[in-house]
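K.L.:
A single structure is presented below for examination.
The values are calculated or read from the model by the stated rules, or taken from the named source; none is laboratory data. Not measured: the values here are computed from a predicted model. Please note: Cβ atoms are built from the backbone with ideal geometry, for glycine as well, and neighbour counts cover all protein chains shown. Surface areas here come from the heavy atoms of the whole protein model, side chains and all, with no ligands, DNA or RNA. Shrake-Rupley method; radii C 1.70, N 1.55, O 1.52, S 1.80 Å.
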Amino acid sequence: MSQTEQHAAEDTSRAEHLPAEREHGTVVHHDDPFADPGLPPHEHRRQDVDEEAARRSERTVAFLFTLSMLATVGFIVSYVAIPIDEIVYIWPFGHVAGLHFALGLTLGLALLCIGAGAVHWARTLMSDVEVSEDRHAIEASEETRAYVLREFAEGARESQFGRRTLVRRTLYGALALVPLSGVLLLRDLGPLPGNKLQHTAWRAGARIINESTMQPLRPEDITVGSLTQAMPEGIDPHDHDFPEQIAKAAVMLVRLEPEDIKDARSADWGHEGILCYSKICTHIGCPATLYEAQTHHALCPCHQSTFDLADGARVLFGPAGHPLPQLRIARDDEGFLVALGDFEEPPGPSFWERG
């Protein structure tokens, strides 16, 4: 092909992709890109023409609803029968809390079966005829209201809810039992704690143990400007109730110069400038152990509640409602720091029975 012929072919190709020449201001009309393409012909499902297939679908839906009921019963039995602290090995999850695993498995299965049954019901038994209608005014006329009622009645008829009694009854059973899972959880609202929150593991004569070394503390172990986290003697970190005990009994010790202590009672309850406070923040229970030695302030890192340890641990800033409780301490005959009793007020966040 000569160069002249090649250039002519390229010009022709470009011309095919350029708009046609037209007078200025004229509009070129195209086919409507938003034209309604219509609906394809409706294809009947097997269940629409084969009653035996419809019965199989009905039995499948009923089986799923029944399985949901059994799972809900399993949830209730698990909640009542499995101890809250029981640990079991389940492959491939490893060692897990048996109660939590059973509750999650049974409740998840109950909800899954209701959803799967409803989907299978809709896809195999309910009518799947495509329906289109024009938009209408927001305000419904009497004719529209009558039309809606007719459509509702027709939909109820096409769903076969009245005809498929097995599906209807098992659905009622599944929906009636699932809420019992939530009702059963209301049991955890009681019984009331009584006075359990007002007492800790501290008692008169209990030695103060360093939380890191697990050794009893002497006054010389606490230096000015330092903060030591401690717990009472007699509780074992390996006990199953240790988290509950330490959550109420954890303390921190600071040593101040006697002239820096502003509160007379705090000074009297301490020993040689050593003060012992609950380290549990009185807002929501975080450890308020960020200590600033120059100001003698203890900060809770969760919501920035700030306590003045030189002034009875009163609240300086933040959402905490009351000061940190102080533990009265002394030195025993062997030179170790000991408690002279329990806290005079419950440690930790406020609660209704606190008074």
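K.L.:
Just to check your reading of the model, which residue among Val148, Val167 is open to solvent by less than 40 Å² (accessible area, probe 1.4 Å) and in a helix (DSSP H, G or I)? Break it down stepwise before answering.
P.N.:
Details: Val148 fails: open to solvent by less than 40 Å² (accessible area, probe 1.4 Å).
Checking each option against the conditions leaves just Val167.
K.L.:
Here are some conditions: (1) under 30 Å from Glu86 (Cα atoms); (2) under 35 Å from the mean Cα position of the chain (by Cα); (3) not acidic (Asp, Glu). Ile209 meets all but one. Which one does it not meet?
P.N.:
Condition (2) is where Ile209 drops out.
K.L.:
To continue, here is another question. Which of the residues spanning segment 104-127 are in a helix (DSSP H, G or I), open to solvent by less than 30 Å² (accessible area, probe 1.4 Å) and more than 14 Å from Leu67 (Cα to Cα)?
P.N.:
Matches in segment 104-127: Trp121, Thr124.
K.L.:
Oh, and also: Could you tell me which of the residues Gly190, Gly162 is open to solvent by less than 60 Å² (accessible area, probe 1.4 Å), closer than 22 Å to Met126 by Cα and either at pLDDT below 85 or over 21 Å from the mean Cα position of the chain (by Cα) (or both)?
P.N.:
Values: Gly190 fails: closer than 22 Å to Met126 by Cα.
Just one listed residue meets the conditions, Gly162.
K.L.:
Arg59 - would you say it is open to solvent by 50 Å² or more (accessible area, probe 1.4 Å), under 24 Å from Thr165 (Cβ atoms), at pLDDT below 95 and under 37 Å from the mean Cα position of the chain (by Cα)?
P.N.:
Details: open to solvent by 50 Å² or more (accessible area, probe 1.4 Å): yes; under 24 Å from Thr165 (Cβ atoms): yes; at pLDDT below 95: no; under 37 Å from the mean Cα position of the chain (by Cα): yes.
No, not satisfied.
K.L.:
Does Cys281 satisfy the condition of being touching a Pro at 6+ places or on another chain (Cβ under 8 Å) and either among the hydrophobic types (A, V, I, L, M, F, W, C) or at pLDDT 95 or above (or both)?
P.N.:
Working: touching a Pro at 6+ places or on another chain (Cβ under 8 Å): yes; either among the hydrophobic types (A, V, I, L, M, F, W, C) or at pLDDT 95 or above (or both): yes.
So Cys281 passes the test.
K.L.:
Kindly list the number of the only condition in (1) charged (D, E, K, R); (2) open to solvent by 60 Å² or more (accessible area, probe 1.4 Å); (3) assigned to a helix (DSSP H, G or I); (4) in contact (Cβ under 8 Å) with a residue 12 or more places away in the chain that fails for Lys262.
P.N.:
Unmet for Lys262, out of (1) charged (D, E, K, R); (2) open to solvent by 60 Å² or more (accessible area, probe 1.4 Å); (3) assigned to a helix (DSSP H, G or I); (4) in contact (Cβ under 8 Å) with a residue 12 or more places away in the chain: (3).
K.L.:
Follow-up question, since we're still on this one. Taking the stated definitions as given, is Thr170 of a type outside the set (A, V, I, L, M, F, W, C), in contact with a helix residue (DSSP H, G or I) (Cβ under 7 Å, 6 or more places away or on another chain) and more than 20 Å from Val49 (Cβ to Cβ)?
P.N.:
Taking the combined requirement at face value, the residue satisfies it.
K.L.:
Which residues, taken from segment 270-294, are farther than 9 Å from Gly348 by Cα, over 27 Å from the mean Cα position of the chain (by Cα) and open to solvent by less than 20 Å² (accessible area, probe 1.4 Å)?
P.N.:
Residues satisfying the conditions are Gly270, Gly273, Ile274, Leu275, Cys276, Tyr277.
K.L.:
Hey, another quick one. Please enumerate the residues belonging to segment 199-237 that are closer than 23 Å to Phe307 by Cβ, polar (S, T, N, Q) and open to solvent by 70 Å² or more (accessible area, probe 1.4 Å).
P.N.:
Within segment 199-237, Ser212, Thr223 qualify.
K.L.:
Taking the stated definitions as given, is Leu177 within 40 Å of the chain's Cα centre (by Cα), at pLDDT below 90 and open to solvent by 40 Å² or more (accessible area, probe 1.4 Å)?
P.N.:
Numbers: within 40 Å of the chain's Cα centre (by Cα): yes; at pLDDT below 90: no; open to solvent by 40 Å² or more (accessible area, probe 1.4 Å): yes.
The answer is no for Leu177.
K.L.:
Another question, if that's okay. If you go through segment 238-255 one residue at a time, do you hit one that is of a type in the set (Lys, Arg), open to solvent by less than 30 Å² (accessible area, probe 1.4 Å) and not in a strand (DSSP E or B)?
P.N.:
As a first pass, look at segment 238-255 and keep what is of a type in the set (Lys, Arg): 248, 255.
When the remaining residues are screened for being open to solvent by less than 30 Å² (accessible area, probe 1.4 Å), the result is none.
Within segment 238-255, not a single residue is of a type in the set (Lys, Arg), open to solvent by less than 30 Å² (accessible area, probe 1.4 Å) and not in a strand (DSSP E or B).
K.L.:
A further question on this structure: Which condition does Leu340 not pass, out of (1) without any contact (Cβ under 8 Å) to a residue 60 or more places away in the chain; (2) open to solvent by 60 Å² or more (accessible area, probe 1.4 Å), if it passes all the others?
P.N.:
So the condition that Leu340 fails would be (1).
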